[in-house]
1. Ignoring everything except DSSP H segments at least 4 long, calculate the 222 nm mean residue ellipticity for chain A; use -39,500 (n - 2.57) per segment, divide by total residues, nearest 500.
2. Listing B:110, B:34 from the residue with the fewest other Cβ atoms within 10 Å to the one with the most, what is the order?
3. Ranked highest first by average number of other Cβ atoms within 10 Å, how do A:37-43, A:55-61 line up?
4. Using the Kirkwood radius over Cα pairs, work out the Stokes-Einstein diffusion coefficient for region A:6-123 at 20 °C and 1.002 mPa s, in µm²/s as a whole number.
5. Which of B:88, A:63 has the fewest other C-beta atoms within 10 Å, and how do the rest follow up to the most?
6. Rg and Dmax of the protein assembly as shown over Cα atoms: what are they, in angstrom?
7. Please compute the modelled spin-label separation between residue A:93 and residue A:25, points set 7 Å along Cα→Cβ, answer in nm with one decimal.
8. Which order do A:99, B:104, B:167 fall in if you start with the one that has the fewest other Cβ atoms within 10 Å?
């Protein structure tokens, strides 16, 4: 596989950096990682850039992760992009909803780099 | 932020003896996993001791709504917040700038999420707010309702770190 184009969606810049570092520790060959602070920003990025992998928080301002995944599924060209949710929510209902909307996996915060690897590699077919 | 169902809040009964160790465990797990740091209790000292003075310069607040309604806060000094961010990001403390605010908010968010997930019947019925950060220590917060409070004080880099949960009745 050529370099992976990843988009990380989280309102916390610290968390975006931690997720990116975890992806690199998982051994992924990443092209420069794209970042968005909320779902609306992410949709703008996706409109302009091809992306292979999306990691998204659920609880964030402007457009939350559930609405973001819902909107992704309405867009023909983005429907196949794998989405991994990263959430603080202990709420099973949010997780189930995210998965039913089209997310492939979810990772619960706090997380280890190994957990990121365990969930991300399979959705990339690695 | 809105409650995720109409279940009366009275269905969860405040239980200090059970919840205090769960709050402590929630904080310890977050620091262990995300910072690689083991938290220990802060030794008891007088409120006016040098160890306590100027130790609460940064506060991160996360609101809870639903079966649990209230606020979880963590409080520490500037240097501790900077070191937390540096440990989370794997970079030297001197290279951390405004990330220390963000890191403190994320830690509060994860402790709140971890805690509610440990309470039976709460995880699915309690929403968390986006974190708020207060810089400075000369402030008071007042709840509109009578509150139950749990507080754990840990030692982080030789300074106190307060983790406080205030719940409306």
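Values in this text are rule-based calculations from the coordinates and carry no lab data. Source: prediction; values computed, not measured. So basically every Cβ, Gly included, is an ideal-geometry build from the backbone, and we count neighbours across all protein chains shown.
1. -12500 deg cm²/dmol
2. If I rank by nearby Cβ atoms, fewest first, I get B:34, B:110.
3. For the peptides A:37-43, A:55-61, the packing ranking is A:55-61, A:37-43.
4. 154
5. Ranking B:88, A:63 by Cβ neighbours within 10 Å, fewest first, gives A:63, B:88.
6. 19.4, 63
7. Spacing of the two 7 Å Cα→Cβ label points: 3.4 nm.
8. The most exposed by this proxy come first: A:99, B:167, B:104.
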